[in-house]
Amino acid sequence: MTADEEFFEAHRRHLRAVAYRMLGSLSDAEDAVQEAWLRYQRADTGGVTNLGGWLTTVVGRICLDMLRSRASRREEPLEGEDAPVRLPDPVVRRADPEEAALAADEVGLAMLVVLDRLGPAERLAFVLHDMFAVPFEQIAEVLDRTPNSAAQLASRARRRVRTASPQQPDPDMARQREAVDAFFAASREGDFDALVAVLHPDIVVVADGGTARRSASQVLRGARTVAEGAVTYARLSPWARPAIINGTAGVVVAPRGRPFSVMAFTVVDGKIVEIHALVDPERLAELDLAGLADGQ
C-alpha cells in the first residue's frame, strides 16, 4: 500500500460519514468516497497544508453535485408535512454493547429525514459546519459564495432543522430498549391500552414501502391511530429482533428469516415519539442483516 493509499484509508470512515449525512444513501456515499479517491490521485496536493480538510471539502463538492443531479431528476423528497417520504438507508447493527459503542456517533434516521428536506446548498453548509466543524471560508469555496453567504445558508438550515426535527432521544440505550420492548409486548398481547401508554400522544409513524410495496407507504399520527395499526400487525411481533438503527433502539422484523421491515424508534422521556419503518423489499434485500434475520 502506498503512502497516499494509507492516508486515504485512514480518512475513509470520516469521509463516508460526511457523504452519508449529505446523501442519506449508503451506496451513493460509497460512490462519492470513491470519486474523491480518484480526484485525490489526480490532484496536485503539494501546496495543501491540511489534506484531511481538503478531502472533506472534495467529498462535499461531489455530494453537492449528486444532490443537484438528484433534484433535477425529481428524485428529491417532496415538500410538505405529509408528503410521501423515501426514507434514507438505515445503518443496522446488532444490539450488543460493542456495536452500541460504534453507533454512538451515528446520525439518527429521523434527522436524516429532516436533512432530506433541505436544499442542496443548505444541506452542505449545515452538514459541513454544524456536524463536522468545517470553516465557512472553506464551505464558501465549495458553494462559490462568500463566507457570509455560506453562514446564512447554514443559519437558515439550522432554523429549519430545529423546527422540523424531533426531540433528542433518551441518551440511555437501555431506556430506549425498554420502551420498544414494551411496544412489542403490548402488540403481541393485543393490549390496546398498554400500547397507547408507551406512545407519545403526538407520535408520528412514517413507513416506506417503495414501489414494490406501495400500499404500505403511509404516515400515521396520534397514539390511538398508531396503536390500532400495531394491533393489526400483531402477528409479526414475535419475529421482531432487537437491533440498533442509526444509533437508536430498533428492530428487524423477519418472519421465517425473510426481512419484512427495519424499524427505528425515537424515544423521549420513556415515550415513543417517532417510528420510521423501511418495508421496501428491494431496499431491504440490499442491507446486511446477517444475524438479525435468522428466522428463529
Problem set entry | Near pairs, Cβ below 6 angstrom, 6+ apart or cross-chain, from region 14-38 (open to solvent by 40 Å² or more (accessible area, probe 1.4 Å)) to any residue that is not in a helix (DSSP H, G or I) | 26/89
Exercise. Any idea which residue in region 164-184 is surrounded by the most Cβ atoms within 10 Å (Cβ to Cβ), counting only those that are in contact with a helix residue (DSSP H, G or I) (Cβ under 6 Å, 6 or more places away or on another chain) and at pLDDT 90 or above?
Worked result: 183
Exercise. Which ones in region 139-181 are under 30 Å from residue 242 (Cα atoms) and among the basic types (Lys, Arg)?
Worked result: 162, 175, 177
For this session: Could you check how many residues of region 263-296 are loosely packed, with under 13 Cβ neighbours inside 10 Å and on the phi > 0 side of the Ramachandran plot?
Result: 3
Exercise. Would you call residue 99 part of a helix (DSSP H, G or I) and open to solvent by less than 60 Å² (accessible area, probe 1.4 Å)?
Worked result: yes
For this session: Using the structure shown, decide if residue 260 is within 21 Å of residue 91 (Cα to Cα), open to solvent by 10 Å² or more (accessible area, probe 1.4 Å), of a type in the set (Phe, Trp, Tyr) and touching a residue at least 24 places away in the same chain (Cβ under 8 Å).
Result: yes
Exercise. Checking residue 93 against (1) outside any helix (DSSP H, G or I); (2) open to solvent by less than 20 Å² (accessible area, probe 1.4 Å); (3) modelled with pLDDT of 80 or more, which test does it fail?
Worked result: (2)
Problem set entry | Matching residues in region 115-149 - criterion: being crowded, with 19+ Cβ neighbours inside 10 Å, aliphatic (A, V, I, L, M) and under 19 Å from residue 163 (Cα atoms) | 115, 118, 121, 124, 125, 127
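Of all residues in region 251-270, how many are part of a strand (DSSP E or B) and farther than 21 Å from residue 100 by Cβ? Break it down stepwise before answering.
Going through region 251-270, the residues part of a strand (DSSP E or B) turn out to be 251-253, 261-268.
Okay, now just the ones that are also farther than 21 Å from residue 100 by Cβ, so 261.
Selection size over region 251-270: 1.
Among the residues of region 185-204, which ones are of a type outside the set (S, T, N, Q) and open to solvent by less than 20 Å² (accessible area, probe 1.4 Å)?
Within region 185-204, 186, 195, 198, 199, 203 meet the criteria.
Kindly check whether there is at least one residue in region 238-247 that is within 18 Å of residue 113 (Cα to Cα) and open to solvent by 10 Å² or more (accessible area, probe 1.4 Å).
yes
The values are calculated or read from the model by the stated rules, or taken from the named source; none is laboratory data. On a predicted model such as this, the values are computed, not experimentally measured, just so you know. Backbone-built Cβ (ideal geometry, glycine too); neighbour counts: all protein chains shown. The accessibility values were calculated without ligands, DNA or RNA, using every heavy atom of the protein model including side chains. Shrake-Rupley method; radii C 1.70, N 1.55, O 1.52, S 1.80 Å.
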